[in-house]
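Below is one structure, written out as structure tokens; comments come after it.
A short reminder: the numbers here are calculations on the coordinates, not readings from a lab. Owing to the predicted nature of the structure, the values given are computational and were not obtained by experimental measurement.
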């Protein structure tokens, strides 16, 4: 009985070590499929601390929206295009009484798309809006139709996705466990993948080997 319990404990330890070192989560981990809202900063993108209806970007600022499956704001996928106001609005002249806001739209990857839908290519637009306009108003100026739910949660931008709003999904993608990609977006919306093994995976395998050797040694000691 002692050896059986010991074997179970060691098996659990092996799994825990693999999950901890490689970052592989159990299959039942869930996330939410939604549009996240970002504000451009000097270092790139910062997760917005308020919704687009409350945020009021100034002239020359950049806002971004990314559709993805995320468990929380800490692991939310950022827009893959740069937060570069000049690249978006350099051909839109300033006008008195208005402001220019660069809007970056990242419709995400096929792995995060709802079943039966394909994400449009990422795009940018320069919104010229009133001086007191919110980020939501800037978005509406360049990316209609928008869809909101009864709680004012942004559900769709430019009609994508057609249905759903912040629904919970299993794994990191649309039910197939595929991971989201934060690689720079191409004009055609495709991602560059890296098929090589990661350092975390190599370290995880090494950790499992070490734990397995310890388990074998302990089993031999008990038999002796």
> Which translational diffusion coefficient, to the nearest whole µm²/s, is obtained for the stretch 76-164 from the Stokes-Einstein equation, given a Kirkwood hydrodynamic radius over C-alpha pairs, 4 °C and 1.567 mPa s?
Replying inline: 91 µm²/s
> By how many nm would the segment from residue 152 to residue 94 lengthen if fully extended, with 0.36 nm per residue of separation less the alpha-carbon distance?
Replying inline: 17.8 nm
> For the stretch 106-154, which semi-axes, largest first and in whole Å, follow from the square roots of 5 times the eigenvalues of its Cα gyration tensor?
Replying inline: 24, 15, 7
> So what is log10(I(q)/I(0)) for the stretch 127-171 at q = 0.19, 0.22, 0.23, 0.24 1/Å, when the Debye sum runs over its Cα atoms only?
Replying inline: -0.64, -0.78, -0.82, -0.86
>> Suppose the chain between residue 73 and residue 110 were pulled fully straight at 0.36 nm per residue; how much longer would it get relative to their current alpha carbon spacing?
In response: 11.3 nm
>> Restricting the calculation to Cα positions, tell me the Rg (one decimal) and the Dmax (whole number) of the stretch 81-122 in Å.
In response: 15.0, 45
> Per q in 0.13, 0.16, 0.20, 0.23 1/Å, what log10 I(q)/I(0) does a Debye calculation on the alpha-carbon atoms of the stretch 31-142 return?
Replying inline: -0.47, -0.69, -1.03, -1.27
